[in-house]
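What follows is one structure encoded as structure tokens, with my remarks underneath.
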Amino acid sequence: MKDEHKHNKEEHKKEQSPDNGKLPSAEKQGEKKEPAEQEKWKLEAADYKDKYLRALAELNNTHKRTSKEKEDFAKYAASGVVSRLLPILDNFDMAVKAAPEDLDKNFVSGVVMIKNNLFETLKREGLEKIVSTGQKFDPLRHEVVGTVETEDENLEGIVAEELRTGYSFKGITLRPAMVKISKKKHEEPPQDPAESAAAPE
């Protein structure tokens, strides 16, 4: 009787055993699910990281674009003011050139000093004179208003004379220089002796 009771007890334990009937335990099920969930989390983390990097790059690009727009606005706003002051520099130059010889030299020196002070102030803002005389003609920096004949073919296309100073502002041509350029003198071909004889007197 005791043996039979013991046997029934062992059978009951087998039925309650997690491995009975080849059913996987909760721990083993968790082990099978865990790699799949980890892979899912990794994919989500990579996706979030990609979105974060894209958003950061876009933010940096927006910041750079905004800074560039502000810089350009300040540059061109200042160039408008500087451009309107150029005729004043021209007037100072013309006044000095037109000053009579008997005019008080101190007065002329004072005019030159004022003109130089104005130019230096504008130079600190980005204004530069365009060097023209002796330079090769550049359509972006020079405005041709005449030519000077030369027999030296190496001087052809070289600025021979500057009639009005040109200026650039922060690397951009604000006003081209008004110049004359050298042009090779074209000699007339020698006349045919027969044509000279036939020509009416």
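Any read-out appearing in this document is the output of simple, stated calculations on the displayed coordinates, not a laboratory observation. On a predicted model such as this, the values are computed, not experimentally measured, just so you know. Backbone-built Cβ (ideal geometry, glycine too); neighbour counts: all protein chains shown.
All but one of (1) surrounded by 10 or more Cβ atoms within 10 Å (Cβ to Cβ); (2) in a loop (DSSP other than H, G, I, E, B) hold for ALA95, so report the exception by its number.
Only one criterion in (1) surrounded by 10 or more Cβ atoms within 10 Å (Cβ to Cβ); (2) in a loop (DSSP other than H, G, I, E, B) is unmet by ALA95, namely (2).
State which residue pairs qualify: first residue farther than 13 Å from LEU85 by Cα and inside segment 108-120, second residue assigned to a helix (DSSP H, G or I) in any location, beta carbons under 8 Å apart, and separation of 6 or more residues or different chains.
From residues that are farther than 13 Å from LEU85 by Cα, the pairs are VAL108/VAL96; VAL111/PHE92; VAL111/ALA95; VAL111/VAL96; VAL112/PHE92; VAL112/VAL96; ILE114/PHE92.
How many of the residues in segment 98-125 are over 39 Å from the mean Cα position of the chain (by Cα) and in a helix (DSSP H, G or I)?
The initial filter retains those residues of segment 98-125 that are over 39 Å from the mean Cα position of the chain (by Cα), namely 98-110.
With in a helix (DSSP H, G or I) added as a condition, the list becomes 98, 105-110.
Residues flagged as over 39 Å from the mean Cα position of the chain (by Cα) and in a helix (DSSP H, G or I) within segment 98-125 amount to 7.
I'm trying to understand the selection: among the residues of segment 134-146, which are touching a strand residue (DSSP E or B) at 6+ places or on another chain (Cβ under 6 Å) and either surrounded by 13 or more Cβ atoms within 10 Å (Cβ to Cβ) or touching a residue at least 40 places away in the same chain (Cβ under 8 Å) (or both)?
Answer for segment 134-146, where residues must be touching a strand residue (DSSP E or B) at 6+ places or on another chain (Cβ under 6 Å) and either surrounded by 13 or more Cβ atoms within 10 Å (Cβ to Cβ) or touching a residue at least 40 places away in the same chain (Cβ under 8 Å) (or both): GLN135, PHE137, ARG141, HIS142, GLU143, VAL144.
Among the residues of segment 85-100, are any more than 30 Å from LYS183 (Cα to Cα), among the acidic types (Asp, Glu) and touching a residue at least 24 places away in the same chain (Cβ under 8 Å)?
No: zero hits.
Only residues that are surrounded by fewer than 17 Cβ atoms within 10 Å (Cβ to Cβ) and either in contact with a Phe, Trp or Tyr (Cβ under 8 Å, 6 or more places away or on another chain) or of a type in the set (A, V, I, L, M, F, W, C) (or both): list them for segment 158-172, please.
Selection gives LEU163, ILE172.
Could you go through segment 66-76 and let me know if any residue there is under 29 Å from the mean Cα position of the chain (by Cα) and touching a residue at least 60 places away in the same chain (Cβ under 8 Å). Before the answer, list the steps.
Initial filter on segment 66-76 (under 29 Å from the mean Cα position of the chain (by Cα)): 66-76.
Filter again for touching a residue at least 60 places away in the same chain (Cβ under 8 Å), leaving 75.
Looking through segment 66-76, at least one residue is under 29 Å from the mean Cα position of the chain (by Cα) and touching a residue at least 60 places away in the same chain (Cβ under 8 Å).
Would you confirm whether or not segment 148-156 contains a residue that is surrounded by 13 or more Cβ atoms within 10 Å (Cβ to Cβ), of a type in the set (Val, Ile, Thr) and closer than 21 Å to ASN91 by Cα? First the steps, then the outcome.
Kept after step one, since they are surrounded by 13 or more Cβ atoms within 10 Å (Cβ to Cβ), are these residues of segment 148-156: 148, 150, 155-156.
In the following step, the residues that additionally are of a type in the set (Val, Ile, Thr) were identified as 148, 150.
Subsequent filtering for residues that are closer than 21 Å to ASN91 by Cα retains none.
Taking every residue of segment 148-156 in turn, none turns out to be surrounded by 13 or more Cβ atoms within 10 Å (Cβ to Cβ), of a type in the set (Val, Ile, Thr) and closer than 21 Å to ASN91 by Cα.
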